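Working notes for the structure below.
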Amino acid sequence: MAVVTVDFDGTLYQGNSFKVMFQVARKEYGIKEWIVVGSGLLRSMFVGVFKGKEAFKHQFFHSFVRSFKGKSQEELASFFGELAREDLGRVNRPLVEKIKQHQSYGDDVVVLSGALMPFLKAFVKEIELENVETIGTQLVFDEDGICPGKMGRIVNGEEKVNQLHKWLKQHYKEQATETLYAYADSESDAPLLDLVDHPIVVNPGERMQKLATQKSWPVF
């Protein structure tokens, strides 16, 4: 039996979940939420000037989550459900079938992504993938189920490796997994791809294609 990790943005979903989140927000947000998002954008641009594109994206992600402040788990579940239904045309259907093939062999499948957990859960449900685990960036909720506008550490780069190790320890306490697979599309996934027995690159851009060629990683 194997454990198969599948990235989300650019891999299982051939788009950018953050852009879709922005599109749904345009329909649902009022002035109050957009003031939060706008101020966060300015702060993120300032960070990006000094720390680069990746720092900009991470800062803006945190800033956008601040617009969830005061919303209940039920309200956000509805938001992310709409998000999951927004752009189903970009689902990587051949990869979905590959996942089902892995499951037919008895493999465990984990969607491992920096996207927010409520979105991953809604998306997996929407595309009717059953018995799939999800590991993503956690939204924070208080004891009353209200979001204070905060989230946990973004599951990206080395953090994906950390989260996978943690998951394996929780689920395989008495036996070692024989094989690890990873399907991913981005250079930030290189630490995870280097770790597993079977790294598979999905829909690579030019730079990722070059890295895949250098490391002899197959392309799905």
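Laid out as a table, the results:
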| item | result |
| --- | --- |
| Any hit, region 175-184, residues being closer than 29 Å to Arg66 by Cβ and of a type outside the set (Ser, Thr, Tyr) | yes |
| Entirely in region 115-214, the helices (runs of 4 or more DSSP H) that have 2 or more residues that are more than 22 Å from Met21 (Cβ to Cβ) and touching a residue at least 60 places away in the same chain (Cβ under 8 Å) | 158-171 |
| Qualifying residue in region 154-163 (condition: under 13 Å from the mean Cα position of the chain (by Cα), of a type in the set (Asp, Glu) and buried (at least 16 other Cβ atoms within 10 Å of the Cβ)) | yes |
| Cβ-Cβ under 8 Å pairs, at least 6 apart or on other chains, region 98-109 side closer than 12 Å to Ala182 by Cα, far side modelled with pLDDT of 95 or more and assigned to a helix (DSSP H, G or I) | Val109/Ile99; Val109/His102; Val109/Gln103 |
| Region 182-199, subset under 21 Å from Asn92 (Cα atoms) and over 17 Å from the mean Cα position of the chain (by Cα), residue least open to solvent (accessible area, probe 1.4 Å) | Pro199 |
| Count - residues of region 96-114 that are surrounded by 16 or more Cβ atoms within 10 Å (Cβ to Cβ) and assigned to a loop (DSSP other than H, G, I, E, B) | 1 |
| Single residue of Val132, Val124 found to be of a type in the set (Val, Ile, Thr), within 24 Å of Gly89 (Cα to Cα) and open to solvent by 20 Å² or more (accessible area, probe 1.4 Å) | Val132 |
| Helices (runs of 4 or more DSSP H) wholly inside region 8-66 that include at least 3 residues being farther than 30 Å from Tyr183 by Cβ, modelled with pLDDT under 75 and out of contact with any Phe, Trp or Tyr (no Cβ under 8 Å at 6 or more places or on another chain) | 31-51 |
| Extreme residue, most open to solvent (accessible area, probe 1.4 Å), among residues of region 67-95 that are assigned to a helix (DSSP H, G or I) and touching a Gly at 6+ places or on another chain (Cβ under 6 Å) | Arg90 |
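The values are calculated or read from the model by the stated rules, or taken from the named source; none is laboratory data. What you see is a predicted model; the values in this text were computed from it and never measured. Cβ coordinates were reconstructed from backbone atoms using ideal geometry, including for glycine residues, and neighbour counts include every protein chain displayed. Areas reflect the complete protein model, heavy atoms only, side chains present, ligands, DNA and RNA absent. Shrake-Rupley method; radii C 1.70, N 1.55, O 1.52, S 1.80 Å.
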